[in-house]
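Peer 1: Could you have a look at this structure, given as structure tokens, before my questions?
Only the coordinates and a few stated rules stand behind these numbers; no lab work does. All of these numbers come straight from a predicted model, not from anything done at the bench. A quick note on method: Cβ atoms are made from the backbone with ideal geometry, for glycine too, and the neighbour counts reach across all protein chains shown.
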Ligand SMILES: [Zn+2]
């Protein structure tokens, strides 16, 4: 007996995670159903048919709530999928917010390309109805001849790797995204020592992240310097994970008296709601020391100077708070959301500091500012940048080269094959080479559309 895996999406690309696993008994399981980001929106990969009939799929397992792993799932339902969906309860709650938010963004994109929306709110609701939460470390039969088992990957709240077991005990695991452990909030990623074959992400396989201790110190020093100028500190932040990390660190700095206690505005409805999900799931998902801290000190994402501006009205009044203040708002690459309003108002002021803490895609306003642009177009206005732009590295949620190698090393005693995927082609090749060269393992770069058969002792390419 064997399991077969087809690389339907996420081979040779960072995004668009989508893998089909079949058993000899006829079970058909998908792991992830994500959007391919950064490509032509109207392309076949977004709107085209899935390379399998969604109606024939028994189950979809979602590794975590990023759109490149779950964003195409409502379309899957729209196209006939009627199976069960498995994910951790935190992933379900985050995916609910992220998918509801994406409906509007996708509708706007579609309009610009004169296309119908990729999916609508009703599709999201139908998809969410199919979800059955699955906890970490709970074996579950998900299709004929296939059972699933989730482990924490420490990437974002609720993120999981999936181990699938066939009827002869053959095992195939898929990592989803692997966290940049140790994280301040989440437990370290769990090794996968029991997979005959492993499919691994490789986003940062060719890079090292800066030292973690340095990143907190640099954030503190940057904030100190920015506040000392007496102006506004702008932090465009991604709503999930990055925003919660920033709130946690700022709260710590203020409590320790390391930075002045000035007003902090969390000006993003999505980020406010996601922070609530983080808080609600803290007892189940945070690392023990953070749980202790919460028992001792209460909410770690709230502090006396934090103001959450949920409504547009409240947001409009932020500028009435004079003197130094911090504004955290989406979008993370300054490509939309409320941050633009604040950038247009405050960037022409030389006392302003803009702090960039995440990856900025080429062409995004954030990237232009990172590269030193003195003028940018925001909301149809030409904005002159007189403020200071600071770039802080090391806040990535992905394991780097050494983290990925450590993950591979811990899987290798059992794994006879590692497929590298979910990275740019060079990264995937680099990781496969290093696994072969440094760890003596058998590694292959997953190629789009290929199908491989996995048994306890070997893999074989079928298509
Ligand atoms: Zn992710």
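Peer 1: Using the alpha carbon gyration tensor of the range 44-109, what are the three equivalent-ellipsoid semi-axes (square root of 5 times each eigenvalue), largest first, in whole Å? Let's see the in-between values first.
Peer 2: Values: eigenvalues 69, 60, 16 Å².
Equivalent ellipsoid of the range 44-109: 19, 17, 9 Å, largest first.
Peer 1: Can you give the convex hull volume per residue for the Cα atoms of the range 370-453, as a whole number of Å³?
Peer 2: Enclosed volume per residue, from the Cα hull, is 159 Å³.
Peer 1: Same structure, new question: Fewest to most neighbouring Cβ within 10 Å: what's the order for 241, 138?
Peer 2: 138, 241
Peer 1: Counting helices only, and only those DSSP H runs with n ≥ 4, report the 222 nm mean residue ellipticity of the chain as the sum of -39,500 (n - 2.57) divided by its residues, in deg cm²/dmol to the nearest 500.
Peer 2: Calculated at 222 nm, the ellipticity per residue is -9500 deg cm²/dmol.
Peer 1: What is the gain in length, in nm to one decimal, between residue 433 and residue 258 on full extension, counting 0.36 nm per residue of separation less the C-alpha to C-alpha distance?
Peer 2: Once the chain is fully extended between residue 433 and residue 258, it gains 58.5 nm.
Peer 1: While we're on this one: Can you tell me how the range 117-164 classifies by the Cα gyration tensor, rounded, prolate or oblate, using a/c under 1.5 as the rounded cut?
Peer 2: oblate
Peer 1: According to the Cα gyration tensor, what semi-axes, each the square root of 5 times an eigenvalue, does the equivalent ellipsoid of the range 1-160 have, listed from largest to smallest in whole Å? Mind dumping the intermediate values first?
Peer 2: Working: eigenvalues 122, 62, 41 Å².
Value: 25, 18, 14 Å, ordered largest first.
Peer 1: Rg/Rh for the chain: what does it come to with C-alpha atoms and Rh from Kirkwood?
Peer 2: Checking Rg against Rh, the ratio lands at 0.98.
Peer 1: Can you give me the distance in nm between label points at residue 293 and residue 316, each placed 7 Å from the Cα along the Cα-to-Cβ direction?
Peer 2: A separation of 3.8 nm, rounded to one decimal place.
Peer 1: Plugging the Kirkwood radius over Cα pairs into Stokes-Einstein for the range 250-391, at a temperature of 25 °C and a viscosity of 0.890 mPa s, what D comes out in µm²/s?
Peer 2: D, rounded to a whole number, is 148 µm²/s.
Peer 1: Rounded to the nearest 10 degrees, what's the angle between the helix 242-255 long axis and the longest principal axis of the chain, both from Cα atoms, 0 to 90?
Peer 2: Helix 242-255 sits roughly 50 degrees off the main axis of the chain.
Peer 1: Pairing the Cα long axis of helix 401-411 with the longest principal axis of the chain, what angle in degrees results, from 0 to 90 and rounded to the nearest 10?
Peer 2: Once rounded, one gets 30 degrees.
Peer 1: Okay, next question. Please compute the modelled spin-label separation between residue 126 and residue 280, points set 7 Å along Cα→Cβ, answer in nm with one decimal.
Peer 2: Reported label-point gap for residue 280 and residue 126 is 2.5 nm.
Peer 1: Let me ask another. For the range 188-258, count the residues as N, evaluate 2.2 N^0.38 Å, and divide the Cα radius of gyration by that value, please.
Peer 2: In units of the 2.2 N^0.38 Å rule of thumb, it is 1.57.
Peer 1: Further question: Say each of residue 361 and residue 105 gets a label point 7 Å from the Cα, pointing the same way as Cα to Cβ; how far apart are those two points in nm?
Peer 2: The modelled label-to-label distance comes out at 0.8 nm.
Peer 1: Which FRET efficiency value, to the nearest 0.05, is calculated for residue 302 and residue 113 with the Förster distance at 41 angstrom and r the Cβ-Cβ distance?
Peer 2: So the FRET efficiency works out to roughly 0.50.
Peer 1: May I pose another question? Under the classification rounded if a/c is under 1.5, otherwise prolate if a/b is larger than b/c and oblate if not, where does the range 255-321 fall, given a ≥ b ≥ c as square roots of the Cα gyration tensor eigenvalues?
Peer 2: In terms of gyration-tensor shape, oblate.
Peer 1: Which shape class, rounded, prolate or oblate, goes with the range 76-195 when its Cα gyration tensor gives a ≥ b ≥ c as root eigenvalues, a/c under 1.5 marks rounded, and past that a/b bigger than b/c marks prolate?
Peer 2: Note, shape of the range 76-195 comes out oblate.
Peer 1: Something else about it: With all distinct Cα pairs included, what does the Kirkwood hydrodynamic radius of the range 210-314 come out to in Å, to one decimal, could you say?
Peer 2: Roughly 14.7 Å, rounded to one decimal.
Peer 1: Still on this structure, I have one more. From zero up to wherever the largest Cα-Cα distance of the range 315-398 sits, split into 5 Å bins and tell me the percent of pairs in each.
Peer 2: Result returned by the calculation: 3, 14, 26, 29, 17, 8, 3, 0.
Peer 1: Between Rg and the Kirkwood Rh of the range 163-222, both from Cα atoms, what is the Rg to Rh ratio? Mind dumping the intermediate values first?
Peer 2: Numbers: Rg = 16.4 Å, Rh = 14.3 Å.
Rg divided by Rh gives 1.15.
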